[in-house]
Amino acid sequence: MAISRFCSCHGLWDHCYRAPAEDGGASPAANPASALPLRKTYLIRHAHILTIDPALGDFPFGDILVRDGVIAKVAASIEAPDAEVIDGRGMIAMPGFIDTHWHLWNASLRGLVRADDPESGYFPVTLKLGPHCSPEDARRSVRLGVAEALASGITTVHDWSHNIRTPHHADAEVNALRSTGIRAHFSYGWGQDLPLADPMNLEDLGRVQRSWPDDEGLLTLGAALRTPVANPRGIVPVDVLRREVDAVRSLGLHMTMHARPGVVSVLDSHAMLGPDLQLVHPQGISASEIERLAQNGTRFSCSPVIEMHYAQAARGEIQFHELEEAGIRQSLSIDSSAASANADFFACMRALLWSHKQRFGASKPLPPKRLLELATLDGARDLGIDDTTGSITPGKRADIILVRTRDINMAPVVDPYFSLVYSAQPSNVDTVMVDGRVIRQKNEFTTLDVEEIVREATQSVTNLATYLSA
Ligand SMILES: [Zn+2]
């Protein structure tokens, strides 16, 4: 029997509350991580190990010992009789990919978005459907997006959540992340139907911070802010942004914001740049703005697949090279698997490579090893978790993927960096370990029920689609 609940955020009965069984465990007592695989002692043997740790280098034929979720040892040969052996022959072992900006709440809208069509493109569809998304829709979409991420070898996501319409939406997304076992940075944002003159729910951001789940450090919290210059979602007034930035900084949280031409100057003139700010989309930035970014330690997440889509639409070329030259810290991201229609992190590396080659040809090479660093360790640095993950370093948590080298699209592998960037695709990712848990093995999830995830997301989007024609 359905139980009526009063929705305090809207002052309506049964408006956005659903019983815990339906809302993804929004109840604080629920532990959505309880169904995840156990952490065992693992010995990955005879893999070609790319540690991405400059002090450790590579092991063309090496072993990795994992105990209690931690990388215990990396060496040419390790004896560990108590360990469960994972055969790494014919595999590249590397740190899992780290995505640094992804709107998981709209992953399930992929089938409804038609690239950059003025009627059915990413912005019109998400602006129209965002206000109709319930916490349950958000939960289902996050789980769909994360399942695709894990299958692509992504072990950390930055859930850049700009449809937190109610506290229940925040709880549903956090619990959905926890239920998958992925490592995540969750940036609490606003609702798509929030008036631009209204600040985001800063009180609830404080609540979420106070009740943040322990989960052994698997999740971290930040804030997503609106952009104070022209963009499809509207210009947030600077005085509103001022209140938000001050509140977020008083909580000690990192911030993230979509960049648009001119935004760096606006932020700089109001002392909003800093090492606690990540900007997204390095396009349309002037030389003097790049200098100020470098002086302030502000970082940039580059979503090359999307940015190539929008390069002609007032944003300009991807300025990865200019920022790299200026010493600005950068990372890679999916942005939206609804907009790009996929979450292939190998393609993400290739898109940046192709953009760079188109601009500079052979005169300024972008080596595959640099792209792998951007996709792993630099992503961890961007999210402030490089002491935890991003490389295969003893003492860090065990976020490791195994990529097959003998598949038809990979073989023969001579230089693993080259093959990972130029040839690999998600289907080559054999094993995915996050925090010492084997989430995928032999291309199959160990505990996540993909059929259920797809069925639920399909039901959700079928319902939401009715609002497109309304
Ligand atoms: Zn974005």
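Summary of values
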{"quantity": "Conditions (1) within 24 Å of His185 (Cα to Cα); (2) acidic (Asp, Glu); (3) crowded, with 18+ Cβ neighbours inside 10 Å: number failed by Asp68", "calculated": "(3)"}
{"quantity": "Residue within region 71-93 that is within 28 Å of Phe300 (Cα to Cα) and either assigned to a strand (DSSP E or B) or not assigned by TED's automatic domain parsing to the domain that holds Asp335 (or both) present", "calculated": "yes"}
{"quantity": "Residue in region 87-109 that is nearest to the ligand (Cβ to nearest atom), counting only those that are more than 26 Å from the chain's Cα centre (by Cα) and more than 28 Å from Arg381 (Cβ to Cβ)", "calculated": "Gly90"}
{"quantity": "Any pair with Cβ under 9 angstrom, 6 or more apart, that starts in region 434-453 at a residue that is closer than 21 Å to Arg139 by Cα and ends at one that is in a loop (DSSP other than H, G, I, E, B) and of a type in the set (D, E, K, R)", "calculated": "Val434/Asp399"}
{"quantity": "Residue in region 262-270 that is buried (at least 19 other Cβ atoms within 10 Å of the Cβ) and in a loop (DSSP other than H, G, I, E, B) present", "calculated": "no"}
{"quantity": "Positions within region 81-105 being among the aliphatic types (A, V, I, L, M) and under 19 Å from Gln441 (Cβ atoms), in sequence order", "calculated": "Ala83, Val85, Ile86, Met91, Ile92, Ala93, Met94"}
{"quantity": "Sole residue being at pLDDT below 95, more than 22 Å from Gly189 (Cβ to Cβ) and not β-branched (Val, Ile, Thr), chosen from Gln295, Gln358", "calculated": "Gln358"}
{"quantity": "Residue in region 246-257 that is within 24 Å of the chain's Cα centre (by Cα) and modelled with pLDDT under 95 present", "calculated": "no"}
{"quantity": "Set Leu112, Leu144: member being more than 16 Å from the ligand (Cβ to nearest atom), modelled with pLDDT under 95 and either under 13 Å from the mean Cα position of the chain (by Cα) or of a type outside the set (S, T, N, Q) (or both)", "calculated": "Leu112"}
{"quantity": "Of residues in region 376-401 being part of a helix (DSSP H, G or I) and of a type in the set (Asp, Glu), the one surrounded by the fewest Cβ atoms within 10 Å (Cβ to Cβ)", "calculated": "Asp378"}
{"quantity": "Selection count where residues are more than 16 Å from the ligand (Cβ to nearest atom) and either assigned to a helix (DSSP H, G or I) or surrounded by fewer than 24 Cβ atoms within 10 Å (Cβ to Cβ) (or both), scope region 271-297", "calculated": "17"}
{"quantity": "Filter pass, Ser333 being of a type outside the set (Asp, Glu), within 15 Å of the ligand (Cβ to nearest atom) and touching a His at 6+ places or on another chain (Cβ under 6 Å)", "calculated": "yes"}
{"quantity": "Test for Val305: is it within 16 Å of the ligand (Cβ to nearest atom), farther than 27 Å from Ser152 by Cα, of a type in the set (Val, Ile, Thr) and surrounded by 19 or more Cβ atoms within 10 Å (Cβ to Cβ)", "calculated": "no"}
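The values are calculated or read from the model by the stated rules, or taken from the named source; none is laboratory data. What you see is a predicted model, and the numbers here were worked out from it, not measured in a lab. In this analysis, Cβ positions are derived from the backbone assuming ideal geometry, glycine residues included, and neighbour counts consider all displayed protein chains.
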